[in-house]
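Novice: This is the structure, below, for whatever I ask next.
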Amino acid sequence: MKIKHIVLLLLIAFTLFGCKEESAKTGGDDISSLSPLKDDFAGKFQMIGNIFNPSDVSSSKVTTEALTRHYNVLTAENNMKPNQLSSTKGSYNWNTADNMVDAAIASGFKVVGHTLLWHSQIPTWQQNITSSTALVDMKDYITGVVTHFKGKIYSWDVLNEAFPDGVSATADWKKSMREGNPWFKALGSDFVYEGFLAARIADPDAILYYNDYNTDQVGKATMIYNMVRDVNQKYKTEYPNETRLLIEGIGMQEHHNTGVSASAIKATLNLFKPLGVRISVSELDVLIVSYGEFDPYGHGPGKQGSITGDKRTNGLKKQAELYEQYFKVYLEFSDIIERVSFWGVTDDKSWRSAALPLLFDEKGKAKDAYYSVIGTVK
């Protein structure tokens, strides 16, 4: 073979290889040119959602095009958590949350209130509550927040992440809640019923949710099932004429990694279905590696260049496969799943950016994961 032919073949191979690598890095179609996800899944799920932050709001409107184009329900990523709303007991910091909620509604979105009771991102006064005042303090806080936003919030995540990792499916849920939760330490498991009841009284029209991660694990899923069943039974006993449930929904966060199977998610949905509650996929993202592989990189935005080479390439392929498998399961249970919310739009701004967990890359280009998701309905 002549040298010029060899050179030509090498140039062709380099060009093809380079194009393939560039495609893996930058993705496909621009997010602004794609058909709206909320339209693609219309008739399947009532809502397709995402998170938003103060930077997404300007002049009393949501100004981030990706949000307004693709989603119809928004959850504040951080600005409605207890440490943001009430740094001092009895006083509230409404300005940022008000601006966000009002802008979202003005732009045609429903809003999820996230979250009222949690063990994390809470102010010092909630960390230091005492048994003698805890019930009053909890009811006052919930009543203050929910009343302030009454009529504006579609659903509230009343309680977030109450159960620890590794809890056994045979445990007693009333004794197996997260020890670091100050409300559980002060009041025992009764705080669950009292907290949901306070929220129901403050805004009877809002849908009340319990929200948690690792719901694909049978132990945690069983504890959630038992808690929701018992709390709703108690409510029915005390309010026999009430036609609604007290805990009306379960938020399955779905912060997944390559080790989470679609079959485990399906098993949990089958477990929850007899409860008669709504389900939301409330915080969806999928790592391109296992959690153990991701852990050294840590959380935080702007780390999207951390995983490289074959691990990145193979991980993106696996991620796309998992997104497709998960969405096939979600669609199978679309009669009970009312909402699917992603936890971020582009990889670079994700809290787990190092493992590229979202449908769009840092340039707003669709990844293989996007095409896998959209392929389940097209």
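Every number in this text was worked out from the coordinates using simple rules, so none of it is lab data. Please read these numbers as outputs of a predicted model, since none were measured by experiment. Glycine also receives a Cβ, built like all others from the backbone with ideal geometry; neighbour counts cover every protein chain displayed.
Novice: Between residue 336 and residue 136, what length in nm is gained on full extension when 0.36 nm per residue of separation is reduced by their alpha carbon distance? Walk me through the numbers before you get to the answer.
Specialist: Numbers: separation 200, 0.36 × 200 = 72.00 nm, distance 3.47 nm.
Full extension from residue 336 to residue 136 adds 68.5 nm.
Novice: Another one. Can you give me the angle between helix 309-332 and the longest principal axis of the chain, using Cα atoms only, in degrees from 0 to 90, rounded to the nearest 10?
Specialist: Compared with the principal axis, the helix lies near 50 degrees.
Novice: Please arrange 370, 193, 209 by how many other C-beta atoms lie within 10 Å of their C-beta, fewest to most. Walk me through the numbers on the way to the answer.
Specialist: On the way: 370 22, 193 18, 209 28.
Arranged by neighbour count, lowest to highest, 370, 193, 209 become 193, 370, 209.
Novice: If we count other beta carbons within 10 Å of each Cβ, what is the order of 143, 243, fewest first?
Specialist: Fewest-to-most Cβ neighbours within 10 Å comes out as 243, 143.
Novice: Also, quick follow-up: Work from the charge dipole of the chain (Cβ charges, +1 for Lys and Arg, -1 for Asp and Glu, about the Cα centre) and give the residue of 222, 116, 94 farthest towards its positive end.
Specialist: Going by the charge dipole, the pick is 222.
Novice: Which whole-Hz couplings ³J(HN,Hα) result when phi for each residue of the stretch 225-231 is put into the Karplus expression 6.51 cos²θ - 1.76 cosθ + 1.60, θ = phi - 60°, listed in order with x for Gly and Pro?
Specialist: Here the 3J(HN,Hα) series is 4, 5, 5, 4, 4, 5, 5 Hz.
Novice: If you project the alpha carbons of the stretch 31-375 onto their three principal axes, what span does each projection cover, largest first, in Å?
Specialist: Sorted from largest, the Cα extents of the stretch 31-375 read 57, 50, 40 Å.
Novice: While we're here: Report the paramagnetic label zone for residue 120: residues of the stretch 265-291 whose backbone N is under 19 Å from a point 7 Å from Cα along the Cα-to-Cβ axis.
Specialist: The answer is 281-291.
Novice: Are there any GluC sites (Glu not before Pro) in the stretch 236-269 that are in a DSSP loop and have at most 10 other Cβ atoms within 10 Å? List them by number. Show your work: numbers first, answer last.
Specialist: Values: sites: 238, 242, 248, 254; in loops: 242, 248, 254.
Taking the stretch 236-269 and a limit of 10 other Cβ atoms within 10 Å, no loop GluC sites (Glu not before Pro) are found.
Novice: Let me ask something else about it. Would you mind ranking 136, 289 so that the residue whose beta carbon has the fewest other beta carbons within 10 Å leads the list?
Specialist: On the way: 136 10, 289 22.
Ascending number of Cβ neighbours within 10 Å: 136, 289.
Novice: Provide the net charge surrounding residue 33, with neighbours chosen by a C-beta distance below 15 Å and charges set as Lys +1, Arg +1, Asp -1, Glu -1.
Specialist: Numbers: positive: 69, 363, 365, 367; negative: 29, 30, 39, 40, 65, 361.
Value of the local net charge: -2.
Novice: Share of antiparallel DSSP beta bridges in the stretch 30-121, in percent to the nearest 5? Could the numbers behind the result be given before it?
Specialist: Numbers: 2 of 9 bridges.
Counting only bridges with both partners in the stretch 30-121, antiparallel ones make up about 20 percent.
Novice: May I pose another question? Length gain on complete extension for the stretch residue 241 to residue 271, per 0.36 nm per residue less the alpha carbon to alpha carbon distance? Spell out each step's value before the answer.
Specialist: On the way: separation 30, 0.36 × 30 = 10.80 nm, distance 2.69 nm.
In short, 8.1 nm is gained.
Novice: Determine the gain in length on full extension of the stretch residue 363-residue 308; use 0.36 nm per residue of separation and subtract their C-alpha separation, reporting nm with one decimal.
Specialist: Value of the extension gain: 18.1 nm.
Novice: Among 204, 240, 123, determine the one that fluctuates most according to a GNM of the chain built with springs between C-alpha atoms less than 10 Å apart.
Specialist: In the Gaussian network model the winner is 240.
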